[in-house]
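The values are calculated or read from the model by the stated rules, or taken from the named source; none is laboratory data. Small disclaimer: the values here were computed from a predicted structure and weren't measured. Every residue, glycine among them, receives a Cβ derived from its backbone with ideal geometry; neighbour counts consider all protein chains shown. All accessible areas refer to the heavy atoms of the entire protein, side chains included, with ligands and DNA or RNA removed. Shrake-Rupley method; radii C 1.70, N 1.55, O 1.52, S 1.80 Å.
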4 protein chains.
Amino acid sequence: MHFASDNWAGAHPKIAESLSRHAGGFAAAYGTSALDKEVAQTFNEIFEREVTVFFVGTGTAANSLAQAAIAKPGGVTFAHREAHLIEDEGGAPGFLTGGARFQSVDGTTGLMHIDNLKAAIKGFAPGNVHVGQPMGVSITQSSEIGTLYELSEIAAISTLCRENGLPLHMDGARFANALVSLGCSPADMTWRQGVDILSFGGTKNGCWCAEALVFMDPAHAREMPFIRKRSAQLFSKSRFIAAQFEAYFADGLWLELAAHANEMATRLTNRVEASDELRLAWQPRANEIFAIMSNDMSAKLHAAGAVFYDWKPPHSERNLVGENETLVRLVTSFATSLKEIDRFGDLIA
Amino acid sequence: MHFASDNWAGAHPKIAESLSRHAGGFAAAYGTSALDKEVAQTFNEIFEREVTVFFVGTGTAANSLAQAAIAKPGGVTFAHREAHLIEDEGGAPGFLTGGARFQSVDGTTGLMHIDNLKAAIKGFAPGNVHVGQPMGVSITQSSEIGTLYELSEIAAISTLCRENGLPLHMDGARFANALVSLGCSPADMTWRQGVDILSFGGTKNGCWCAEALVFMDPAHAREMPFIRKRSAQLFSKSRFIAAQFEAYFADGLWLELAAHANEMATRLTNRVEASDELRLAWQPRANEIFAIMSNDMSAKLHAAGAVFYDWKPPHSERNLVGENETLVRLVTSFATSLKEIDRFGDLIA
Amino acid sequence: MHFASDNWAGAHPKIAESLSRHAGGFAAAYGTSALDKEVAQTFNEIFEREVTVFFVGTGTAANSLAQAAIAKPGGVTFAHREAHLIEDEGGAPGFLTGGARFQSVDGTTGLMHIDNLKAAIKGFAPGNVHVGQPMGVSITQSSEIGTLYELSEIAAISTLCRENGLPLHMDGARFANALVSLGCSPADMTWRQGVDILSFGGTKNGCWCAEALVFMDPAHAREMPFIRKRSAQLFSKSRFIAAQFEAYFADGLWLELAAHANEMATRLTNRVEASDELRLAWQPRANEIFAIMSNDMSAKLHAAGAVFYDWKPPHSERNLVGENETLVRLVTSFATSLKEIDRFGDLIA
Amino acid sequence: MHFASDNWAGAHPKIAESLSRHAGGFAAAYGTSALDKEVAQTFNEIFEREVTVFFVGTGTAANSLAQAAIAKPGGVTFAHREAHLIEDEGGAPGFLTGGARFQSVDGTTGLMHIDNLKAAIKGFAPGNVHVGQPMGVSITQSSEIGTLYELSEIAAISTLCRENGLPLHMDGARFANALVSLGCSPADMTWRQGVDILSFGGTKNGCWCAEALVFMDPAHAREMPFIRKRSAQLFSKSRFIAAQFEAYFADGLWLELAAHANEMATRLTNRVEASDELRLAWQPRANEIFAIMSNDMSAKLHAAGAVFYDWKPPHSERNLVGENETLVRLVTSFATSLKEIDRFGDLIA
């Protein structure tokens, strides 16, 4: 019963196979091999436009370098209060941008509310050197707590961004889970709604280590080759990432894996809803379920071998959790089995 | 005939197999899995002491974070004029240390001369804020140009370091090649000669992406967990690096691969020496050969399908290359075949 | 009627005289002159202990370098949501620390509430690299909005700091105003309550440009000579700052000037309280008064030549200001005259 | 006999007077006062074009922020091996640019030789992320060792810069001394020869603390307001710098002071040349004289009360100084008296 995180799973067999298949032979280093170029081309097809792609090693790197690409002196990026790049990346976004500031914006269920974003941006009058200058907006899809922005909400945020001359970044560590849940295309969920830069995550959805920084507009990518190198994120045998993405995209494996993870999440949700002992903290939309239970139940589940994290309630939902209660996070992945769901379901029945 | 670089080779089959073998199952993320711990233990055995090990994604990351671990405000590290961290890492060491300076020290055949190092350090009087403060010394073993420090030379440098309170870092991107060439143990080539921090490279010697930062003294590693995270070098599925190192160390694979690469270099050296058309720029000691030939010969070899780089002569050897001559670098690896050597040898005969 | 800011005043005549008096003659540069040393000694006397003093050019520099002195990789300093180093220094604290993060802590009337601070620190479990590591706490005395921490409140915060191994920094841009208001000694308001590092401001209280970074514990100051130099804050003719401080401290000028500013603030407060048109937003404790008035009244006062800023209400007091109302800030200084107060008082009567 | 440095002198009486004159009254802070604007206008007149001026606190700040204005990821600026921003600013240029690298270029008598500069730039092939990307060139006028670039030499360097798309920065810590020596106009010595950005120093020539960053092209200055603020170089009572510059420029005081310093240097040069005990290391062109003498003579002069620094010979002149000899630097300033020169001259006669 492994629900700790989708990064506790290893790699899908097809990812490992691809790495074996490409292990032989010589290929140009530093992202210039034929395979690297083929995969870049696949990204173009998937996004239905010419995009500029850079492989990097971690999601934190993708997010941080996205910010570095748009960084300005005294720059400020707006993101949800619980955004990964504010709360969970150990200062990497600040460090790798050379000191940018990330301004919290509130909103319930892990999503920035547009009015709050508007008010936050308004606090930075153009040219006011004391407060700094806005440099971008970042949203997370699916969010840190398993919820989703509707396409129309993304469009509304990007409109606000355009009005203020700010590029819009999407942290897509769980991009595929969001995509499958919304049932739209990658283009629909990104540039058609005005997203400029995407952290495209493969690691949480079955790869070993495959993250890509995707620029819809090459202008934002101009300095990225140098930014990536100075940040030590240029891999010599870059084809080991390319090989993962090749298998990831082949025959729609990535969507299949995300669909499986989401399906497992739906089944788990059903079991939570059917239980008298647990309640959903909010409605799950992707592959993360947040449930509230008694401390006793949490202890009992841990003792029975369920692996999951107790979770600090988000600021805006901090009143949902009562005394002697625990909020827990349950994450499903490509590797989650129905058997695990059933066993967990029986324990909470 | 692939002699461009040892990072043009892919991965050794056993490395790929290990990745496949470990692909299944769930394991704690961020370097805390059982496999991560086992491999850390293997490092202890290999170095015959308790070391502190951090996996990172690239050699540039290893070098840069080694420097970040010892960084001081206004800090200066001394390294050979052609050291990778000065010349080939796109400013990463300066950036990831928050602005450290890397001071060139001269020396022939890619090796710092101790008298020059002594003079360089002397230029920084303690407490002189204008010049900055020494923070460390870095040597490369084997060097950028395929030469080696003798153990006694390392010891002499480390003695000078001790006298000046400076930690000694070794860039071991080609650590195994040096080790096999000197025929000594990892402990002999590092801490027994006073090396404090090691960039231990696996990528160039048959791994996909496996680099480790090895601290002989845990005091230098104290802040490294946070330094690594803020530099976006903490991998969630860290066991994909651990799995590579597991196979790398099993049954001495790493030494076998380096021995092969060196052996191929020796055979290639013999062919160069036997040729009237080429001459060695200096005596190779590991898996890199630098040879001087006419521009015509270089063109002919390229045309015949040999893949290698023309090389800018090192500063201290800049007079070795005559007019209408080219210095070229020929690198062998675990994947180099005798057939390639022979074909190349026939071309230059 | 100049109430825009205490930094709109120039310099007190005695400050200018001192600069003229010391203009002649030769003196060692970079802070090593006899005058520099004498003034450092005066700081010892004023603080009743051996302190380590560094002159810097701006309050932003003092705050930022104080943070740099205690910076850690992935480091986080806690400060009030409206603290100058979070809201008003254009990212300098983040930049000059190499990427530290400043975590907002709430509290009414510009003061961190200790329970909020406790909860904020608790969010950073030791060793959790994802969230980062606490590196310090910063309080502002007097606060951004003219209020004060009582000595017992400072002591309570410093106790919490000690429990968590965190140094306590005080932003004393208006140190003298706070001191005079509390009627205590510099030692009482700082190290006797556990303050470790002080940004000691002279500029807002009658100097041209005189700020000092005061370390109660020399251990925190160890790297400061190099930190100051790399931040371009080491002045060659450092005695021009020393000369200001000499006059500032002579015969208690600094306390006299602050007492005057505070006295003017009290008189202005009285006029506000006596007016039917205005009300105090909260009780002023130093030389800044925040008052709420109708938009019409604000316009009228501006039109009559009063110079002051409309102010964005602090987050915790955002409901104090009604529709068609404006919050304004009125700052007095050493240069404020009773005549100005009276004229303003008559306008609002 | 004060020849240690021109920053050992205090301030000229007219500078101090100006500060006294402007001490009263209220004025807008942060560089927006009427006086700030008037002085900015004076810069336009002096440079015979619209320039963009930013006051900063130190020469190190001026140089470092000039580099920050043109910084690129992985960026490299070329400067003479002994340039202040390489050797004497404690890492500030690297730190305040977020990690730029400064590449040494050789040349005799403190001046970059254009062929060396050409070769150095050539080492950085466009788009090669490993070596980094050129971002600018910096020259020092007058140089660190009292020599001068001829106008034609500046023009040749700027032509090379243009060919490579690199802005040209001039470190003008001793701008006035160079100007007076060449007998040309500020426009002639800067933008008419292709200089883009100037560190304009006032401190060494009679001010307390007055440095200006002068941009010939406003495009380079676009982000400077934010760069200056985040670097803690925006002064609240900015008019204290403006007031110095007002007096500095009035009635050509600045040229008069520099002419005096240079004249004193000429007289001192004459005495050195007349002496059998000393010899000039190279021909002085501004207000710094470098002379070689026996160690005994150096000791004798120090003992007699002469204040000056023994100097480390520049790399390219390291063979000028024999055994038992010392190279010394003698600096004159606005405050140097003929009496001092004569006394020194008598001692060496």
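Some points to look at:
- Rg/Rh for the range C:104-185 (Cα atoms only, Rh after Kirkwood) is 1.01.
- Only aspartates and glutamates eight or more places from A:LYS37 in sequence, or on another chain, were considered; those with a Cα closer than 16 Å are A:GLU45, A:GLU50, A:GLU211, A:GLU246.
- Chain D shape via C-alpha gyration tensor axes, a/c threshold 1.5: oblate
- Each label point was placed 7 Å from the Cα along the Cα-to-Cβ direction; for B:LEU320 and B:SER275 their separation is 1.5 nm.
- Candidate lysines for bridging to C:LYS300, where Cα separation is under 16 Å - those fewer than 8 sequence places away on the same chain excluded: none
- Label-to-label distances for C:CYS184 across copies, nearest first, come out at 5.7, 6.1, 6.3 nm, using points 7 Å from Cα in the beta-carbon direction.
- Heavy atoms of B:MET135 accessible to a 1.4 Å probe, total area in Å² rounded to 10: 0
- Cα centre as origin, Lys/Arg/Asp/Glu Cβ charges: the range D:242-336 dipole, Debye: 140
- Violating pairs (Cα-Cα greater than 26 angstrom) within the set D:LYS122/D:LYS312; A:LYS312/B:LYS229; A:LYS339/B:LYS14; A:LYS72/D:LYS204: D:LYS122/D:LYS312; A:LYS339/B:LYS14; A:LYS72/D:LYS204
- Modelled FRET efficiency - R0 30 Å, B:LYS339 with B:LYS300, Cβ distances, 0.05 increments: 0.95
- Rounded to 5, percent antiparallel among DSSP beta bridges of the protein assembly as shown: 55
- In the protein assembly as shown, the DSSP-assigned H stretches of four residues or longer account for a calculated mean residue ellipticity at 222 nm of -11500 deg cm²/dmol, using -39500 (n - 2.57) per stretch and the full residue count as denominator.
- By definition, a body whose alpha carbon gyration tensor gives a ≥ b ≥ c is oblate when a/c is 1.5 or more and a/b is not larger than b/c, and the protein assembly as shown fits this oblate description.
- Rounded Å value of the spacing that divides the Cα centres of the range A:64-103 and the range B:225-277: 35
- For A:THR159, label point 7 Å along C-beta direction: distances to other copies, nm: 5.4, 5.7, 7.6
- Distances in nm from B:ALA125 to the matching label points in the other copies, shortest first (labels 7 Å along Cα to Cβ): 4.5, 5.0, 5.2
- Candidates A:ALA303, A:ALA259, A:ALA221: whichever shows maximal mean-square fluctuation once chain A is modelled as a Gaussian network with Cα springs under 10 Å: A:ALA303
- Buried between C and A is an accessible area of approximately 1200 Å², summed over both sides with a 1.4 Å probe.
- Rolling a 1.4 angstrom probe over the range C:193-306 with all protein chains present gives an accessible area of which 46% lies on carbon and sulfur atoms.
- Accessible surface area normalised per residue over the range B:231-349 is 41 Å², counting heavy atoms of protein chains with a 1.4 Å rolling probe.
- DSSP-defined beta bridges in chain B - what % are antiparallel, rounded to 5: 50
- Considering only chain A, the C-beta nearest to the rotation axis that sends A to D is found at A:GLY98, 2, the distance in whole Å.
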